[in-house]
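The values are calculated or read from the model by the stated rules, or taken from the named source; none is laboratory data. Since this is a predicted model, take the numbers as computed values, not measurements. When we count neighbours, we look across all protein chains shown, and the Cβ atoms used for this are built from the backbone with ideal geometry, even at glycine.
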Amino acid sequence: MENAELRLHLESCHGQSFRWALHCCERDRVEAEDVLQTAYLKVLDGRARFDGRSSFSTWLSAVIRRTAADERRRRILHFARHAPLHESAPLATERAGATEESESTERHAMLESALAVLPRRQREVLLLVFYHERTVEEAAMVIGIGVGSARTHYARGKQRLRELLQYSEIRHDG
Amino acid sequence: MTDEWNDQDLGKAFAELREGDAATTPPFGPVYAAALAAATRRKAIAPRRRAVSSAAAAAVVLAIAGAGWLSLHSRVSPLSPRFADSGAPAFSLSTWRSPTAFLLHGPNDMLLNTLPTITASPAELNVLGLPAGPRRRS
């Protein structure tokens with residue numbers, strides 16, 4: 001694929017790619033931007049090649065996910081070697097999109113809190129299906145698991161998410 | 001939201017979250033430009049890296065081959081035609097003696113290598129009932 005064509009594809013998926021990178025980086029915006037730029041670099045220098053087995057955006061989401069995982073491992077190794085034991089920093093250094101208290105913000109916070117409790121695979125499948133509006137099969141390709149496993153994660157994750165949201169609502173109303 | 005949080009409710013909640021995040025997406029241009037610049041730099045240094053890697057691999061292969069050749073040809077076999085040219089003493093199979101042959105000799109070598117003889121006279125042998133000599137056929 002030529003650079004001009006690659007640019008067009010990358011630009012068309014940019015918003016969705018950044019939001020997916022944000023979820024892969026636990027909503028750390030700075031890290032998400034770095035991961036997204038590294039993913040674009042891999043695409044441009046040929047380390048990641050689109051083979052046409054899925055849609056371009058599905059393939060790019062898989063590249064972003066792997067890049068975020070590599071960055072996470074690199075950071076863990078770096079801290080294990082160099083950083084002394086100290087109190088851990090807050091998880092979300094800059095929460096994207098929340099600027100004022102509102103009912104919508106509270107629902108967002110409730111949803112994000114519930115998602116954070118889920119196991120990683122369940123969270124990823126639900127985000128890909130509900131947030132990024134992909135099919136379960138596409139979600140399976142992004143994560144690199146079988147379709148059957150993805151369906152299981154989807155069903156269990158959805159059930160668990162419902163329970164968590166209902167519990168959060170009860171706590172909020174109570 | 002309903003009490004049961006059906007798929008429609010979940011979809012609506014996620015859609016609201018998506019709309020909130022859309023406003024914070026960084027522009028495409030700068031991110032792409034930074035990635036393209038980094039890719040260009042990587043491509044510029046890639047040929048030098050390949051040349052260095054190839055040279056290192058060739059050096060390793062040559063070193064291993066040289067060590068193997070030296071090991072093979074450092075000792076010349078006595079059976080080799082080149083042995084005589086190497087200045088070592090000539091080898092003859094008929095005159096060769098094992099350096100550990102002395103271990104096979106012992107104090108009883110004479111007993112093993114000679115036949116015992118009886119020194120008694122024929123008269124004495126006759127008394128003993130032993131034949132004095134080889135029997136003559138009549």
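Structure notes:
- The listed residues are A:E94, A:E87, A:E100, A:E133, and the only one of them that is at pLDDT 85 or above and charged (D, E, K, R) turns out to be A:E133.
- Filtering the range A:1-43 to residues that are more than 17 Å from B:R18 (Cα to Cα) and among the aromatic types (F, W, Y) leaves only A:Y40.
- Filtering the range A:1-49 to residues that are in a loop (DSSP other than H, G, I, E, B) and either more than 10 Å from chain B (Cβ to nearest Cβ) or in contact (Cβ under 8 Å) with a residue 24 or more places away in the chain (or both) leaves A:M1, A:E2, A:C13, A:C25, A:E26, A:R27, A:D28, A:A48, A:R49.
- Residue within the range B:58-77 that is over 31 Å from the mean Cα position of the chain (by Cα), surrounded by fewer than 10 Cβ atoms within 10 Å (Cβ to Cβ), basic (K, R) and away from chain A (no Cβ under 14 Å) present: no
- Some residue of the range A:122-129 being more than 12 Å from chain B (Cβ to nearest Cβ) and part of a loop (DSSP other than H, G, I, E, B): no
- Within the range B:5-32, residues that are more than 7 Å from chain A (Cβ to nearest Cβ) have Cβ atoms under 7 Å from residues that are exposed (fewer than 13 other Cβ atoms within 10 Å of the Cβ) in these pairs: B:D9/B:T2, counting only partners at least 6 apart in sequence or on another chain.
- Contacts under 7 angstrom Cβ, first residue in the range A:126-141 being of a type outside the set (F, W, Y), partner outside any helix (DSSP H, G or I) and surrounded by 22 or more Cβ atoms within 10 Å (Cβ to Cβ), 6 or more apart: A:L128/A:R134
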